[in-house]
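Novice: If you scroll down you'll find the structure; I have some questions about it.
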Amino acid sequence: MEPGFWHDKWQSQQIGFHQSDINPFLVKHWESLKLEGKGKVFVPLCGKSLDMEFLAAQGHEVIGSELSALAVSQFFEAAGAKPQSRTQGEHVHHSAQGVTLIEGDFFTLDEELVAGCSGFYDRAALIAWPAEMRIDYVRKLAALIPAGTPGLLITLDYPQEALIGPPFAVSPNWVEEFVGEYFEVVVLESQDVLADNPRFVKKAVPWLNEAAYLLVRK
Ligand SMILES: C[S@@+](CC[C@H](N)C(=O)[O-])C[C@H]1O[C@@H](n2cnc3c(N)ncnc32)[C@H](O)[C@@H]1O
């Protein structure tokens, strides 16, 4: 989606994607990355996700990429932190309590910023893009992530014709074909989560699967 779409969503606080709890697949599968030591973790399109607090609590330094200044300020406000901010090129880096959120466009991030990361975490980032923009996202992610680096990917899949995204449906086959071009892909778990998602139930979407994948940059 174009930046204006997300700025409007944050402005009107239509942020149904934001979870009030840490994602259960993150808690369950983060150890699958087998990260030696703690190290930096990159979180693309991070929003104000509490998942970043979970990662920081594991001892990781978290580097998030987020377009919206509102999302950034709401994240730190909820954490009770006052970040230090500095401008670097067209991005603004906000840091506190082991978390740095880079405000600005993911597509213009410099590879150097992510070069030192030992892992990455994508929840509701890949599925935020319609099919025609999703491949550009995967290409940019692959350009940022160094070879051998593991990540956890969490997706949703449902019959796309039943609902207008985002979130957009991303099937295991799509992940295998397009993400698999750049990353080794292992399916960790897939679960029916329809009952937990009232928006999908209301629209009579017949099924909704959440899946967790272990990725390793080739
Ligand atoms: C569906 S939300 C997911 C947020 C978060 N991952 C979560 O689980 O709550 C997608 C987020 O990506 C941000 N975003 C969209 N396009 C972006 C871009 N080009 N660069 C950085 N962030 C972007 C939006 O502002 C929004 O907060």
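The values are calculated or read from the model by the stated rules, or taken from the named source; none is laboratory data. Given the structure is predicted, the values throughout are model-derived calculations rather than measurements. Cβ placement follows ideal geometry from the backbone for every residue including glycine, while neighbour counts extend to all protein chains displayed. Side chains included, ligands, DNA and RNA excluded: accessible areas come from the protein's heavy atoms. Shrake-Rupley method; radii C 1.70, N 1.55, O 1.52, S 1.80 Å.
Novice: Please find, among PRO166, PRO146, PRO198, the residue that is more than 20 Å from ASP51 (Cα to Cα) and either touching a residue at least 24 places away in the same chain (Cβ under 8 Å) or touching a Lys or Arg at 6+ places or on another chain (Cβ under 7 Å) (or both).
Specialist: Numbers: PRO166 fails: more than 20 Å from ASP51 (Cα to Cα); PRO198 fails: either touching a residue at least 24 places away in the same chain (Cβ under 8 Å) or touching a Lys or Arg at 6+ places or on another chain (Cβ under 7 Å) (or both).
Just a single option satisfies the conditions, and that option is PRO146.
Novice: OK, next. Here are PHE25, PHE76, PHE107, PHE54: which of them is within 16 Å of the ligand (Cβ to nearest atom) and open to solvent by 40 Å² or more (accessible area, probe 1.4 Å)?
Specialist: PHE107
Novice: Report, ordered by the first and then the second residue, all pairs with beta carbons closer than 7 Å, sequence separation of six or more or different chains, a first member in region 170-187 that is closer than 17 Å to ALA125 by Cβ, and a second member that is open to solvent by 70 Å² or more (accessible area, probe 1.4 Å) and not in a helix (DSSP H, G or I).
Specialist: If the second residue must be open to solvent by 70 Å² or more (accessible area, probe 1.4 Å) and not in a helix (DSSP H, G or I), the pairs left are TYR182/LYS218; PHE183/LYS218.
Novice: Here's another thing I want to ask about it. Could you check how many residues of region 8-22 are within 19 Å of GLU210 (Cα to Cα) and either assigned to a helix (DSSP H, G or I) or within 11 Å of the ligand (Cβ to nearest atom) (or both)?
Specialist: Summing the residues that are within 19 Å of GLU210 (Cα to Cα) and either assigned to a helix (DSSP H, G or I) or within 11 Å of the ligand (Cβ to nearest atom) (or both) in region 8-22 gives 7.
Novice: Which count do you get for residues in region 28-51 that are near the ligand (Cβ under 7 Å from one of its atoms) and over 15 Å from the mean Cα position of the chain (by Cα)?
Specialist: So the answer is 0.
Novice: Whether any residue in region 197-204 is in contact with a strand residue (DSSP E or B) (Cβ under 9 Å, 6 or more places away or on another chain), more than 30 Å from GLY37 (Cβ to Cβ) and at pLDDT below 95 is what I want to check.
Specialist: yes
Novice: Now for a separate question. Which residue is nearest to VAL27 (Cα to Cα), if the candidates are limited to region 57-73 and must be surrounded by 15 or more Cβ atoms within 10 Å (Cβ to Cβ) and among the hydrophobic types (A, V, I, L, M, F, W, C)?
Specialist: VAL62
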